[in-house]
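Contents: one structure, followed by commentary.
The values are calculated or read from the model by the stated rules, or taken from the named source; none is laboratory data. From a predicted model like this one, the values you see are computed outputs, not experimental measurements. Using ideal geometry, Cβ is built from the backbone for each residue, glycine included, and neighbour counts are taken over all protein chains shown.
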Amino acid sequence: MDIKLATCFIAVDDHDKALAFYRDILGLEVRNDVAFEGMRWVTVGSPAQPGVEIVLEPPLANPNASPDDKQAMAELLAKGMLRGVIFSTDDVDATFEKIRSAGGEVLQEPIDQPYGVRDCAFRDPAGNMLRFNQPRTS
């Protein structure tokens with residue numbers, strides 16, 4: 001049995017701001033940008049991983065959700081309380097400088113972690129935490 005990751009989801013509150021970050025700053029390619037059931041279905045991905053997509057979705061992508069549920073999810077997103085994503089890179093310091101110089105909100109500057117990676121962290125325009133790491137060489 002061969003199991004691979006195909007799709008993951010990141011909640012965003014503004015697709016245009018999210019695209020400016022994920023496409024223009026991180027360099028991910030837009031694979032889909034279509035209207036779908038009253039929402040916008042946007043997927044991005046790394047050119048180096050054609051089989052993996054990230055869906056940039058509204059905080060509660062359920063047209064049947066109650067207004068209270070939608071408000072609760074929007075508040076969690078605004079606080080940065082939803083799960084983030086970890087990207088790998090071959091040069092975390094250069095990646096950090098590129099994102100920082102483009103105006104990315106820095107959460108953590110590059111640091112060697114005790115669990116074997118060098119990493120840094122940013123918030124995307126919606127408040128999600130994104131980490132970028134590379135394996136440490138001894």
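The lone criterion from (1) in contact with an Asp or Glu (Cβ under 9 Å, 6 or more places away or on another chain); (2) surrounded by fewer than 14 Cβ atoms within 10 Å (Cβ to Cβ); (3) modelled with pLDDT of 80 or more left unmet by MET81 is number (3).
Listed by first and then second residue, the pairs linking a residue in segment 31-58 that is over 13 Å from THR7 (Cβ atoms) to a residue that is of a type in the set (Val, Ile, Thr) and in a strand (DSSP E or B), with Cβ atoms under 7 Å apart and 6 or more places separating them unless they lie on different chains, are ASP33/VAL42. Only one entry in ASN133, ASN128 is closer than 30 Å to ILE3 by Cβ, surrounded by 18 or more Cβ atoms within 10 Å (Cβ to Cβ) and modelled with pLDDT of 95 or more, namely ASN133.
Checking each residue in segment 81-138 for being within 11 Å of the chain's Cα centre (by Cα), within 19 Å of VAL52 (Cα to Cα) and not in a loop (DSSP other than H, G, I, E, B) picks out VAL85, ILE86, PHE87, LEU130, ARG131, PHE132. Among the residues of segment 27-41, those identified as of a type outside the set (Lys, Arg), touching a strand residue (DSSP E or B) at 6+ places or on another chain (Cβ under 8 Å) and either at pLDDT 95 or above or farther than 21 Å from ALA78 by Cβ (or both) are LEU28, GLU29, VAL30, ASN32, ASP33, VAL34, ALA35, TRP41.
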